[in-house]
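Encoded as structure tokens, the structure appears first; notes follow it.
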Amino acid sequence: MEIRAVLFDLDDTLFDHQASSRAAVHTFLGQLGLNRSEELTRAWFDIENRVFDRFLAKQLSLQEHRRERLRQFLPLTTMSIPKKARQLDELFVLFLENYEDAWTAFPDAALALRTLNAAGVPVAVVTNGVLDQQSAKVRKIGLGPFVNQVFSSDATGYAKPAPEAFLKPCMSMQVSPAQGLYVGDNYRVDVEGAQNAGLHAIFLDREGPRHPGSIQSLSDLPPLLSGRTAARTVRSS
């Protein structure tokens, strides 16, 4: 295969969302005077996943999705649910400040992207999320110089695993799907979604290879692509 562009998922692929959120939840609970526990942390992630799916399905606005997360989470603590939306918004801003303070990249991310850049291979991020926040993550965790473009579900109008979520970035980068490689940590959303759109795909499985052809570290990617990439110049659109 000739790869002319490599596209990456962001959260839990390049950006350590789990670690960042865990740190933020821990600080957030302390600021509210609530007991911290692994059970509450797991509940935060479970609620986040459920409610975020409703946001991606356009059932909830961004702001209402954030309020709903707190409405479901706070009853699990000793804290009551504020009656006013403004109070919920202020609480979520507190969490967001902690989350942003904890943003971090995986240690293998920058080197992998730098190596692809050095080979002349354009790199993009394709993410289910909000463009402003996801672009800010890329910049703050030090990956901005290596990423040509960031494509988000709110900006393109399509969330992974919809084929259009992958096809629109390919079109913007002026490569055919067959010339694109997608790398992500969610097998159904990232790998199967990309493959269904006609791209090549690699599963990043940091916990261990559970699928043939998966990798456990982004440092495994450049050697895997050695001799299979074609340098080109990409024009942002």
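The values are calculated or read from the model by the stated rules, or taken from the named source; none is laboratory data. Fair warning: this is a prediction, and the values are worked out from it, not measured in the lab. Cβ placement follows ideal geometry from the backbone for every residue including glycine, while neighbour counts extend to all protein chains displayed.
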Study note, to complete from the structure: In the set L76, L70, the lone residue that is surrounded by 15 or more Cβ atoms within 10 Å (Cβ to Cβ), outside the structural domain of S172 (by TED's automatic domain parsing) and aliphatic (A, V, I, L, M) is L70
Practice item. Take the residues in the range 1-13 that are surrounded by fewer than 20 Cβ atoms within 10 Å (Cβ to Cβ) and assigned to a loop (DSSP other than H, G, I, E, B), then tell me which one is nearest to the chain's Cα centre (by Cα). Key: D12
Exercise for review: Answer yes if at least one residue in the range 106-126 is of a type in the set (A, V, I, L, M), touching a Lys or Arg at 6+ places or on another chain (Cβ under 9 Å) and without any contact (Cβ under 8 Å) to a residue 40 or more places away in the chain, and no otherwise.
Suggested key: no
Revision key, fill the gap. Of the residues in the range 108-124, those that are aliphatic (A, V, I, L, M), in a helix (DSSP H, G or I) and over 15 Å from the mean Cα position of the chain (by Cα) come to A110, L111, A112, L113, L116, A118
Check your understanding: Under the condition of being under 20 Å from L181 (Cα atoms) and out of contact with any Ser or Thr (no Cβ under 8 Å at 6 or more places or on another chain), which residue from the range 146-166 is surrounded by the fewest Cβ atoms within 10 Å (Cβ to Cβ)?
Key -> P163
**Study point:** Residue match in the range 85-107 (condition: among the β-branched types (V, I, T), within 20 Å of the chain's Cα centre (by Cα) and surrounded by 15 or more Cβ atoms within 10 Å (Cβ to Cβ))
**Key:** yes
Check your understanding: For Q174, which of the numbered conditions (1) part of a helix (DSSP H, G or I); (2) surrounded by fewer than 22 Cβ atoms within 10 Å (Cβ to Cβ) fails to hold?
Key -> (1)
Point to revise | helices (runs of 4 or more DSSP H) completely within the range 14-101 that count 3 or more residues being modelled with pLDDT of 95 or more and among the polar types (S, T, N, Q) | key: 17-31
Practice item. Give the residue that is nearest to N186 (Cα to Cα), with candidates limited to residues of the range 125-134 that are in contact with a Ser or Thr (Cβ under 8 Å, 6 or more places away or on another chain) and part of a helix (DSSP H, G or I). Key: Q134
